[in-house]
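One structure below.
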Amino acid sequence: MKLVTFSEAGKEPRLGAAVGTWNHWETIIDLHAADPALPSDLLPFVDHAGGLSGEMWNRAREAVDQGGGARRTGARFRPSDVRIHAPIVPRLLRDFLAFRGHVARTRAAIGSAVAPEWDQIPAYYNGNHLNVIGPGDSAPAMQYQIAEGGRSRIIDSQKLDYEAEVAFVLGVGGSRIAAKDADAHLFGVTIFNDFSARDIQMTAGKIGMGPAPGKDWANALGPCIVTRDEFGELKDQVIVVRVNGEERQRGRYYDLVFKSPFVKDGERALWSFPEMLECLSRIQPVHAGEVWGSGTIPGGCEFERGPEARYLRPGDRVEVEIEGIGVLSNSIARDG
């Protein structure tokens, strides 16, 4: 299924299912209107159907298969008649640094190399799950305050960046989960654009407490969550990034990750979701409704380009397209 959170004008957002191909939705089905036993919010649905099984899952499948129910009014909508929101407000948002090609290229851009510790553990940080925006929403133009010479001043970020990522939505929590059992804990995938203010990120990073606040001011998710049974294996999907209609990246996932010139023979190319899950769930319990960003797919940001980077400006529109999921489009607001 392709699950969305949508709203009609003046009404509260609710849970829906998009019917059609990944790049052409024909109908949005209001799952609660089609079957009042189904929740109107995605998180309760994940809690009850996160394993893609059970009564709640079967009811949702039946509602989609029946097209919302021939006798129920108000259960079917044209996509053009509704607003699509971020599909989920995560219980917790984590963002990993999973791809060597991205790490190597960003480190090269600042004159360093991949730390050997990257090969030892799948590193991540906790993002702000309350600063989530959805398709069509604007990310605020980042301003930050800095103290120099005993005075504070406000700076408009000059290095606003996009980051094209896959996001993994957990459907079943647990502890000490083996990598071989990871599929049973994955609910589905969506697109994550981890907007980054590279200037404040680099300043804050030198303190040693992580990348915030250059990372947690805007996190875009959407346009839908594609459940794992429909999406299949992450391998040959085409990934495209456009800024104001101009392509900045295009390639197949496998080629971008495993054929990167920044990954040498014999080197680890990535930390996979099963590896992330096994390592992290040994440290702490993980929960249904968490969303984990993969980290930037190699080539999926401007920071990798070093002095050739063309950072975002207020008014710019960014589209991240992943075959099988859809297009996540967001703009940078003009007024901060």
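Laboratory data are not the source of any read-out in this text; all were calculated from the coordinates shown. Predicted model, so just to flag it, every value in this text is computed and none were measured. Because the Cβ atoms are built from the backbone with ideal geometry, glycine has one as well, and the counts that use them run over all protein chains shown.
Some notes on this structure:
- Reduced Cα scattering model of segment 209-336, Debye log10 I(q)/I(0), q = 0.17, 0.19 Å⁻¹: -1.21, -1.45
- Lys, Arg +1 and Asp, Glu -1 on Cβ, resulting dipole of segment 4-72 about Cα centre, debye, nearest 20: 120
- Taking Cα atoms only, the orientation of helix 55-65 departs from the longest principal axis of the chain by about 80 degrees.
- Among GLY20, VAL4, GLY54 the positive-end extreme of the charge dipole of segment 2-85 (Cβ point charges): GLY20
- For the chain, the antiparallel share of DSSP beta bridges with both residues in that region comes to about 90%.
- For the chain, calculated [θ]222 nm from helices alone, where every DSSP H run of n ≥ 4 adds -39500 (n - 2.57): -5000 deg cm²/dmol
- Approximate spin-label separation ASP229-CYS279, in nm, with each point projected 7 Å along Cα-to-Cβ: 3.1
- Between helix 100-109 and the chain: long-axis angle, C-alpha atoms, 0 to 90°, nearest 10: 30
- Unit charges at the beta carbon, dipole of the chain: most positive-side option, LEU92, ILE133, SER196: SER196
- Taking the chain as a Gaussian network of alpha-carbon nodes connected by springs under 10 Å, the highest mean-square fluctuation of the residues SER80, SER260, SER138 belongs to SER80.
- Between the helical axis of 273-283 and the longest alpha-carbon principal axis of the chain there is an angle of about 80 degrees.
- Value of Rg to Rh for the chain (Rh from inverse mean 1/r over Cα pairs, i.e. Kirkwood): 0.97
- Sequence-distant lysines (8 or more away, or on other chains) whose Cα lies within less than 16 Å of LYS215: LYS159, LYS206
- In Hz, Karplus ³J(HN,Hα) per residue of segment 307-315 (6.51, -1.76, 1.60; θ = phi - 60°; x = Gly, Pro): x, 8, 4, 10, 6, 6, 10, x, x
- The residue list TYR144, PRO122, PRO285 was ranked by how far each Cα lies along the charge dipole of the chain toward its positive end, using unit charges on Cβ atoms, and TYR144 comes out on top.
- Dipole moment magnitude, nearest 20 debye, segment 103-204 about Cα centre, only Lys, Arg, Asp, Glu C-beta charged: 220
- Overall, the anisotropy analysis places segment 14-71 in the prolate class: the square-rooted eigenvalues a ≥ b ≥ c of its C-alpha gyration tensor yield a/c not less than 1.5, with a/b exceeding b/c.
- Overall, segment 155-274 carries a charge dipole of about 300 debye about its Cα centre when +1 sits on the Cβ of Lys and Arg and -1 on the Cβ of Asp and Glu, all other atoms neutral.
- Take 46-56, 211-221 and order them by the average number of nearby Cβ atoms within 10 Å per residue, most first; the result is 211-221, 46-56.
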